[in-house]
1. Please verify whether Ala543 is modelled with pLDDT of 80 or more and in contact with a helix residue (DSSP H, G or I) (Cβ under 8 Å, 6 or more places away or on another chain), treating the condition exactly as stated.
2. Does the range 519-567 hold any residues that are under 22 Å from Arg499 (Cα atoms), in contact with a His (Cβ under 9 Å, 6 or more places away or on another chain) and buried (at least 24 other Cβ atoms within 10 Å of the Cβ), and which are they?
3. Can you pull out every residue in the range 77-104 that is small (Gly, Ala, Ser) and surrounded by 18 or more Cβ atoms within 10 Å (Cβ to Cβ)?
4. Would you confirm whether or not the range 369-391 contains a residue that is within 26 Å of Ala325 (Cα to Cα) and part of a loop (DSSP other than H, G, I, E, B)?
5. With respect to Thr238, determine if the residue is touching a Ser or Thr at 6+ places or on another chain (Cβ under 7 Å), open to solvent by 20 Å² or more (accessible area, probe 1.4 Å), at pLDDT below 95 and polar (S, T, N, Q).
6. Checking the structure you have, find out if any residue of the range 296-307 is modelled with pLDDT of 95 or more and within 20 Å of the chain's Cα centre (by Cα).
7. Can you go through Leu605, Leu570 and tell me which one is touching a Phe, Trp or Tyr at 6+ places or on another chain (Cβ under 8 Å), buried (at least 24 other Cβ atoms within 10 Å of the Cβ) and at pLDDT 90 or above?
Amino acid sequence: MEVFRMFRYPHRGEYYSSYATQSYGRIITVITPLLTLVSVMCIISSQLLYLSAAQAENTHQLVAVPGTLSPLLKSSRFISHADARQTISLSFGLRPRDNMAFQQALSATIHAPEHQARPVLDTNEVTRHFSPTQASYTALVRWLQAAGFRIIHTYTHRLLLDFSGTMGQVQRVFQQQINNYRAPDGTLYYANSGAPLLPPAIASQVMSINGLNNATRWMHTALRQGSQSPANNQLCATSSAKTTPGASNNARAAVAGLSDLYRAHYTGSGQTLALFELAQPAMSDLSSYMACTRHKGTRLQRIDTPLSAAVPQPTSYEATVDAEAILDAVPQLQSLKVYATANNEKSYLDQWGQIIQDDPAVVSTSWGLCEQQVPAQLIRQEALFFQLAALQGQSVIAASTINCPAISRTAVAVSDPASQPFVTGVGSTALIFAVPRGSHTSLLTAGRLDPASVEPPAMGGSSQLWAMPGWQHIQAISTQSMNASASGCPHASGERFCREVPDVALNADAQHNFLAYCTQGCTSQHPWLNINGGALATPFWAAFVTLSNQVSQQHGGGRLGFINPLLYQLAANPVSYASSFHDIITDNEHGQPAAGAGYDLISGLGEYRAQPLANRLANWIQPLSR
């Protein structure tokens with residue numbers, strides 16, 4: 001028989017059976033561990049909540065780097081996340097130190113009055129006054145190394161810093177996913193999906209993070225080829241000095257329109273010119289061309305960026321033809337530097353950074369990309385490089401003849417870098433004039449479209465990114481109705497007009513072809529190619545500036561540097577304009593876009609009258625402080 005015992009709580013008068021007490025004890029034994037487990041879970045949860053809040057606060061303190069997204073993302077399809085093990089090469093573009101003083105120095109250089117010395121700086125002075133300090137540059141190197149990246153290349157101007165790592169490292173350090181995408185044309189590429197994040201101390205120094213995508217690809221001005229002849233089958237070897245088939249030296253000089261400078265013995269002696277290329281030229285073809293044309297004395301130098309030197313790049317006949325056009329137009333050029341790199345965002349900026357560091361007097365590029373296809377941060381970074389070029393007395397000449405889509409019924413998109421304010425944009429036309437080129441009466445004569453030309457005149461336009469610079473405000477431009485709008489320039493506060501391109505042009509009909517030699521990377525079976533001279537307008541304008549530097553230096557001056565303000569000031573005076581430029585005017589009988597009198601969006605200010613314009617530019621400046 002079960003015995004019931006009574007248990008009394010001391011502070012109460014109740015009595016409970018021992019059976020009940022034993023039941024409660026068993027319940028307590030079960031509940032106590034559960035309560036303990038719940039308490040532990042609560043503590044862990046609170047800690048996790050605390051850590052999440054702290055992490056969120058830390059992420060909130062990071063600074064996003066704007067403008068890194070590829071415009072191509074809007075029309076592309078996501079494929080997959082990028083392989084975290086894939087190697088990627090990047091660069092930091094850095095801000096100049098004391099930007100206010102930098103802009104003041106730049107303004108003093110480009111707005112120097114006529115016949116007064118232009119205060120330009122050499123590369124050492126620019127570095128000393130405006131580059132990031134060596135201490136801050138070294139600290140940035142150490143930060144990248146601590147994050148696991150490898151430093152590829154440093155620059156003496158300390159405005160670029162190249163490094164590499166894996167996709168996984170980039171995603172972890174910059175807290176941004178990199179994905180693979182398919183473009184509308186089927187091309188596969190990788191790109192970041194959002195803005196990378198940096199600690200405030202690092203972000204304050206960084207203007208751009210370049211190489212987060214490989215979507216951006218620049219285009220070369222189309223080289224239109226004319227008809228071939230049997231003589232074009234003749235090979236040329238460096239061991240035999242044969243002449244160019246079908247063209248004398250005088251005939252070739254006529255393509256560029258520089259004969260009057262040659263007759264005055266300005267042929268490029270002592271001058272250096274650089275080509276900016278996004279593909280490799282065929283150096284053997286260049287050597288053969290020099291032998292065939294009896295071109296002697298020019299030092300030919302190919303300069304690769306660090307990454308492109310390690311990875312073989314395809315040979316491009318466009319790069320070869322650009323170099324041959326320079327060799328032809330500047331027959332006694334002392335040095336031709338061909339900068340060649342890969343066609344991607346990082347390499348593109350690396351090459352401009354190297355050119356700014358090396359400081360060649362004149363730079364020519366026939367590569368471009370429509371403004372709306374260029375990432376915003378890249379536009380800003382190269383704008384800084386072009387400002388530095390102007391400050392150092394360098395002339396940057398770029399083709400504006402890249403085909404870009406229309407942005408409205410009356411406006412065509414323009415290409416970068418030709419639309420940059422500190423670059424001279426060059427257009428081209430293919431017109432036939434009844435009055436020979438060189439005659440003063442040709443200013444009053446309209447040319448007709450060359451029936452042998454396969455393309456209409458290349459149309460320029462207004463930039464969607466840059467306000468019209470002060471030096472471009474001349475009557476012939478500011479009154480153009482198609483540039484004025486009620487809302488003003490879209491991306492320039494308070495400015496009614498936008499930067500217009502081209503600045504200048506060169507006219508060459510089908511009778512003025514350039515004979516180029518090419519056996520590698522060509523689209524023709526003939527080694528000699530008839531290239532329409534208008535397609536080489538940019539190298540020929542660069543050649544003109546190079547010869548003008550020689551004119552200036554032989555009269556006690558220095559190199560011309562940034563020429564746009566000088567060109568437009570000459571054009572603002574009807575007398576100096578008529579004597580310095582061939583105004584290119586189109587007979588608009590077929591309803592095509594026409595080049596009008598004075599400045600227009602097809603031919604800009606027109607084509608140089610070589611010797612008169614060179615003399616005026618040289619007389620405009622005093623000896624430069626170089």
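The values are calculated or read from the model by the stated rules, or taken from the named source; none is laboratory data. Please read all numbers here as calculations on a predicted model, not as lab measurements. Positions of Cβ are backbone-derived with ideal geometry, glycine not excepted, and every protein chain shown enters the neighbour counts. Calculation scope for accessible area: heavy atoms of the full protein, side chains included, ligands and nucleic acids excluded. Shrake-Rupley method; radii C 1.70, N 1.55, O 1.52, S 1.80 Å.
1. yes
2. Within the range 519-567, no residue meets the criteria.
3. Ala82, Ser89, Ser91, Gly93
4. The answer is no, given that none of the residues of the range 369-391 is within 26 Å of Ala325 (Cα to Cα) and part of a loop (DSSP other than H, G, I, E, B).
5. Yes.
6. Looking through the range 296-307, none of the residues is modelled with pLDDT of 95 or more and within 20 Å of the chain's Cα centre (by Cα).
7. That would be Leu605, the only listed residue that is touching a Phe, Trp or Tyr at 6+ places or on another chain (Cβ under 8 Å), buried (at least 24 other Cβ atoms within 10 Å of the Cβ) and at pLDDT 90 or above.
Rundown of residues vs (1) buried (at least 19 other Cβ atoms within 10 Å of the Cβ); (2) over 28 Å from Ala195 (Cα atoms), yes/no style:
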{"site": "Arg299", "(1), (2)": "no, yes"}
{"site": "Pro314", "(1), (2)": "no, yes"}
{"site": "Gln332", "(1), (2)": "no, yes"}
{"site": "Trp352", "(1), (2)": "yes, no"}
{"site": "Pro360", "(1), (2)": "yes, yes"}
{"site": "Gly368", "(1), (2)": "yes, no"}
{"site": "Gln372", "(1), (2)": "no, no"}
{"site": "Pro375", "(1), (2)": "yes, no"}
{"site": "Gln381", "(1), (2)": "yes, no"}
